[in-house]
Amino acid sequence: MKALLVRVAADQSDGGGNWNGPADTKSRDFCYVPIPETSPTHPGLNTLYSSLQKPLSNFGIVLPNNLLGKDMHHDPDFDRLTYGDEGQRASQIQNKLGNGDLLVFYAGMRDVHHPSSRLVYGIIGLYVVDQMVSALKVPPAQFHQNAHTRKILAAGASDIVVHARPGVSGRLERYISIGHYHQRAYRVLPDLLTAWGGLSVKNGYLQRSARLPMFLNADMFYDWFLNQGVKMVQSNH
């Protein structure tokens, strides 16, 4: 088994919407807030941030003005158990993973109890890979299943779409805390690095990057994950 760690969801970068979704550090509930969509989409297939208003209201949070009325790049799409990517990251996923391997999704979120404190870094979803296909080969009837086929692709686009196995894949009902701020960066907690068997990045460095961290012992990580006993759901919210 092999596994890659993938940062997703809105963050403080321009491409991430300059915002972080909420997390409740007492209950470990969270709201998955995707990054903004920056590409034109096929007519009728756009997904709006306004759909998050009710889930966010459960945390006493409202969308910032810069996201109101905008479209989301809803990826991963936990409703449909898909994940898309492009460029170097797509190449890594294609070259390093196959059926039965893992994509582990994490996010940086804002603690609703202490919004001015450091971010909460947690695993929010996990996919067991079932298949992956070129986004250009996806038929129009399936365009709605992923952000990389909802958008209008250029000829020769490198985008891929990963489909996950139902029943063992999805969004976590409650996030699993994995990181802290240490040595001027967010990093995976040292005891977790040991429990996982290590990561390919130095000192568990967490960042959104073209180079995806690889678990050095995916079987060891997956055993740890299953022992957390966190339920997964096929739902974005």
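For the stretch 3-233, DSSP calls about 80 percent of its internal beta bridges antiparallel.
Couplings for the stretch 12-21, taken from phi via the Karplus curve 6.51 cos²θ - 1.76 cosθ + 1.60 with θ = phi - 60°, read 7, 7, 4, x, x, x, 6, 7, 10, x Hz in order; Gly and Pro are left as x. Per-residue Cβ neighbour counts within 10 Å put Leu193, Leu212 in the sequence Leu193, Leu212, beginning with the fewest.
Other residues with beta-carbon under 14 Å from the beta-carbon of Asn18 carry, at +1 per Lys or Arg and -1 per Asp or Glu, a net charge of +1.
Once the mean 1/r over all distinct Cα pairs of the stretch 110-237 is inverted, what Kirkwood radius in angstroms do you read off?
17.0 Å
The relative contact order of the stretch 160-237 comes to 37 percent, based on Cα pairs under 8 Å that sit 6 or more residues apart. Projected onto their three principal axes, the Cα atoms of the stretch 157-221 cover extents of 36, 31, 23 Å, largest first. For the chain, the relative contact order works out to 24 percent when only alpha carbon pairs closer than 8 Å and six or more residues apart are counted. Close Lys pairs in the chain (alpha-carbon distance under 28 Å; sequence gap of 8 or more, or different chains): 16.
Charges were assigned to the Cβ only: +1 to each Lys and Arg, -1 to each Asp and Glu. The resulting dipole of the stretch 3-233 about its Cα centre is roughly 300 debye. The local environment of Val8, defined by Cβ-Cβ distances under 12 Å, has a net charge of 0 under the rule Lys, Arg +1 and Asp, Glu -1. Judged by the gyration tensor of its Cα atoms, with axes a ≥ b ≥ c, the stretch 1-70 is oblate; a/c meets the 1.5 cut and b/c is at least as large as a/b. By the compact-protein rule of thumb, 2.2 N^0.38 Å, the alpha-carbon radius of gyration of the stretch 3-233 corresponds to a ratio of 0.97.
A full extension of the chain between Met1 and Ala185 corresponds to an added length of 63.3 nm, given 0.36 nm per residue minus the alpha carbon distance. Working from Cα pairs under 8 Å separated by at least six residues, relative contact order for the stretch 1-58 is 26 percent.
Model label sites at Ser209 and Arg165, defined 7 Å from Cα along the beta-carbon direction, differ in position by 2.9 nm.
How many percent of the alpha carbon pairs in the stretch 29-164 exceed a separation of 17 Å? So the pairs more than 17 Å apart make up 63 percent of the total in the stretch 29-164. Label-to-label distance, Gln142 versus Lys70, with points set 7 angstrom from Cα along the beta-carbon direction: 3.0 nm.
Every read-out reported here was derived from the displayed coordinates using simple, explicitly stated rules and does not represent laboratory data. Note that this is a predicted model, so its numbers are computed, not measured. Quick reminder, even Gly has a Cβ in these numbers, built from the backbone with ideal geometry, and neighbours come from all protein chains shown.
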